[in-house]
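The values are calculated or read from the model by the stated rules, or taken from the named source; none is laboratory data. As the structure is a prediction and not an experimental result, all values here were calculated from the model. Ideal geometry is used to build each Cβ from the backbone, glycine not excepted, and the neighbour counts take in all protein chains shown. In case anyone asks, the SASA skips ligands and DNA or RNA and just uses the protein heavy atoms, side chains included. Shrake-Rupley method; radii C 1.70, N 1.55, O 1.52, S 1.80 Å.
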Amino acid sequence: MHEQFRRPARQLPDRPDTFFAFVAGLYAAALLSPFVVIGLGAWVTGDAGGLYIGLLVAITVITGLSSWGVSRWHGLPERLGATPLAWGLALLPVLVLVGHFAFVAHMNAAGTDGAAVAGFLLALPGMLVGIGLVTMARNRYSAALVDEDAVECEWKAGWPEPQRQRMQYASIAGMLLLVGAMAVDALWNVDWLFTVAQFLFAPAIVLGNLGQQRTYRATPVGLERRYPASRYVYGWDDFESYAVTDETIVVRWRAWWRPAIRCARADLDDEDAVVDALAAHLQRA
């Protein structure tokens with residue numbers, strides 16, 4: 001998706017840090033522990049207490065061994081963060097969950113129902129840990145890619161205030177519709193309305209975050225955009241041009257389907273410095 005992420009990082013640490021290794025170990029445990037419970041239920045015991053203890057032991061052992069292995073894998077976070085395909089780690093727990101149920105159905109042994117429950121309960125945490133793991137990897141790759149001493153310009157800006165407010169109003173409207181649907185379902189038992197309204201939750205969250213202020217940095221390797229918990233570096237080749245309008249500095253992507261980056265001029269402390277930094281790498285439209 002981003003050409004810059006397929007290039008080698010500027011520098012790679014000797015080994016992943018302890019926290020990254022621990023999160024990677026938790027991710028491996030969320031994926032693999034239910035299979036251990038399947039084996040226990042099929043060939044050792046179908047007792048619920050025994051399976052529960054087996055699950056705890058499996059999570060502990062797999063987390064520990066995986067964390068140790070990851071901690072010795074030189075440059076793993078940066079290499080993982082270098083490819084957008086890493087986001088597949090967030091979806092892998094769903095596929096593994098399907099495998100859990102298929103395996104349990106095929107074995108048809110006593111105690112495997114508990115394994116299916118364990119797989120189901122660990123699937124959502126596995127997705128969340130996977131998202132966190134990929135975000136951490138992208139952050140570490142960005143840190144390795146960008147030379148802090150070579151940063152050309154840094155600024156913080158969002159969309160112009162009227163546009164930001166429209167997105168927030170749309171987000172609030174979506175949330176109110178969801179709450180209204182929940183009330184209707186509770187009073188008149190209209191299940192389908194609540195089910196449909198649940199699909200408004202994610203878009204409402206996204207709309208509420210659109211246009212909010214972000215921190216940008218122009219660097220020799222690309223344009224960095226920072227969020228509260230993540231950072232991404234996009235190569236200059238990913239962009240087509242920039243333009244300056246009455247209210248906004250617009251940076252357009254080469255990909256037609258990607259919404260342009262918009263920075264309200266009113267948010268900028270040094271507009272000339274921002275324009276000069278963009279002009280050094282992009283053509284003005």
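Overview of results
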read-out	value
For Rg and Dmax of the Cα atoms in Å, calculated from these coordinates, the label among (i) 21.7, 72; (ii) 23.8, 72; (iii) 19.7, 59	(ii)
Spin-label model distance (nm) - V44 vs V61, 7 Å beyond Cα toward Cβ	0.6
For the chain: relative contact order, % (alpha-carbon pairs under 8 angstrom, 6 or more apart)	20
Cβ-derived FRET efficiency at R0 41 Å, A285 paired with L121, nearest 0.05	0.20
Per residue solvent-accessible surface (Å²) - the chain, probe of 1.4 Å	55
Between 0 and 90°, nearest 10: helix 88-107 axis offset from the chain longest Cα axis	20
Proximal charge balance of I172 [Cβ under 14 Å; K/R count +1, D/E count -1]	+2
Cα-based shape type of region 216-285, given that a ≥ b ≥ c are square roots of the gyration tensor eigenvalues and the cut on a/c is 1.5	rounded
Exposure rule at most 11 other beta-carbon atoms within 10 Å, DSSP loop chymotrypsin sites (Phe, Trp or Tyr not before Pro): the chain longest free segment	1-198
Cut-off 13 Å between beta-carbons: net charge of the residues surrounding A157, Lys and Arg +1, Asp and Glu -1	+1
Using alpha-carbon coordinates, inclination of helix 161-188 to the longest axis of the chain, degrees	30
Solvent-accessible surface (1.4 angstrom probe) belonging to H281, in square angstrom, nearest 10	60
Helical contribution to [θ] at 222 nm, DSSP H n ≥ 4, -39,500 (n - 2.57), averaged over the chain, rounded to 500	-19500 deg cm²/dmol
Rough spin-label spacing in nm, given labels placed 7 Å along Cα→Cβ, for K156 and D269	0.9
Estimated FRET transfer efficiency when R0 is 41 angstrom, pair L176-A105 (beta carbons, to 0.05)	0.45
Cα gyration tensor category, rounded, prolate or oblate, for region 62-214 with a/c compared to 1.5	oblate
For region 19-86 versus region 211-285, the gap between their alpha-carbon centres in whole angstrom	40
